[in-house]
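Coordinate-derived values only; no laboratory data. Nothing here was measured: the structure is a model prediction, and the numbers come from that model. Every residue, glycine as well, gets a Cβ built from its backbone with ideal geometry; the counts of neighbours run over all protein chains shown.
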There are 2 protein chains.
Amino acid sequence: MAMRIGELARQAGTTTRTLRHYEELGLLPARRTGNGYRTYDDGDLRLLQQIRTLQDFGFGLEETRPFVDCLRAGHPAGDSCPASLDVYRRKLAELDECIADLQRIRAEVGGQLARAELEAAADVPGGPPPLCAFAPPPGHEAPAPGHEASPPEHGRETGTP
Amino acid sequence: MAMRIGELARQAGTTTRTLRHYEELGLLPARRTGNGYRTYDDGDLRLLQQIRTLQDFGFGLEETRPFVDCLRAGHPAGDSCPASLDVYRRKLAELDECIADLQRIRAEVGGQLARAELEAAADVPGGPPPLCAFAPPPGHEAPAPGHEASPPEHGRETGTP
DNA sequence: CCTGGACTTGACGTCAGCGTGAAGGTTTAC
DNA sequence: GTAAACCTTCACGCTGACGTCAAGTCCAGG
């Protein structure tokens, strides 16, 4: 039941530094033993798990506070309180807007790439030399066939940036 | 044509601080007049516009460098060089992954909200009092009909978080 | 001459969520 | 009895893209 900071960190898969940080924020205050050591119980583990779950969803620490307060108030779940539901709703709206923004940007960037690739293909039909670095204003001295620097097969949808 | 930092900032809709910052990064170096004042021309304005456009797309400043270099090398557009196209492609992949993450999270949060709303409706069918703040572990003393603190009509899709 | 505006460099502050020591006290195991 | 492992409180560092003073320089108008 009772445990010290290192043990709690291990059980929650986080670090002691993180727990101390949460305490600084008043998010997860700890009781103390006689020697000054922080001491936690299973309830604190639940609070912490709630925080980490929301963090994984991209919630800021302050946004997790209503959930934590709700749990500490004795409710069965962190989202049993209206304040928590409000945070859910605000987050959903935020996510929707963010997703819409990103999709708009994705479309724009995709369009720019397509256009730029077309223009590159037009300017360099056979394969003139890349004149990046040393090139006077839009003149065109491209007699010799080129080499090097070809687009990597225009492959989309890779992963892990 | 030639202008000082304040004028360029105005024309690009940014601040002098930003321009000095770009210069620190070597992104937009300035010539100097006799008195030490930075001086820019229309070419610099174009470079700056390129940077700002990409910034609006969420590109980091370092990611704009290939575009700026490309323009400065005399190419007609910032994305006329292979290095710029690569940045486009990497950004697209990044955007796709980010969008996918957010959509997954949106689904999870949406699910949590739905579940929590159901549970709230189940626990409080007629309208028992919200016992957030002061509530001993999951007991249930809810005789009197409640008031106050109702969810805002569960409205989704608002804006500007 | 003097005021005011635009310019200069330098350097610290902001936001978030911790990481990473330093310097020292406590407990535990052998 | 001593080393290892744990704990404590500072307190600075990191990332990005600037904001915000502060103190001094430069130039034009009245």
Let me spell out the model: positive unit charges on the Cβ of Lys and Arg, negative unit charges on the Cβ of Asp and Glu, origin at the Cα centre of segment B:5-123. What dipole size does that give, in debye rounded to 20?
660
Binned at 10 Å starting from 0, the alpha-carbon pair-distance distribution of segment A:67-123 in whole percents comes out as 22, 23, 17, 14, 12, 9, 3
Given the options B:18, B:70, B:2, identify the residue whose Cα lies farthest towards the positive end of the charge dipole of segment B:1-103 (+1 on Cβ of Lys, Arg; -1 on Cβ of Asp, Glu).
B:2
Over segment A:5-122, what portion of Cα pair distances is larger than 25 Å, expressed as a whole percent?
43
Inside 10 Å of the C-beta atoms of B:110-120, what's the mean count of C-beta atoms belonging to other chains?
5
Inter-copy spacing of residue B:107 label points, which lie 7 Å from Cα along Cα→Cβ, given in nm from shortest upward:
2.2
Distances in nm, one decimal, shortest first, from residue A:7 to the same residue in every other copy, taking the label point 7 angstrom along Cα→Cβ.
7.2
Counting other C-beta atoms within 10 Å, which of A:80, B:84 has the fewest, and how do the rest follow?
A:80, B:84
May I ask which residue of A:121, A:50, A:60 lies farthest towards the positive end of the charge dipole of segment A:5-122, with charges of +1 (Lys, Arg) and -1 (Asp, Glu) on Cβ and the Cα centre as origin?
A:50
Footprinting exposure proxy for A:40, A:22 (fewest neighbouring C-beta atoms within 10 Å first):
A:22, A:40
Provide a whole-number value for the mean count of partner chain Cβ atoms within 10 Å of the Cβ atoms in peptide B:72-82.
6
Nm distances between copies for residue B:39, ranked from closest, using label points 7 Å along Cα→Cβ
7.5
Would you mind ranking B:15, A:64 by Cβ crowding within 10 Å, fewest neighbours first?
B:15, A:64
Mind checking A:64-71 for the average number of partner chain beta-carbons within 10 Å of each residue's beta-carbon?
1
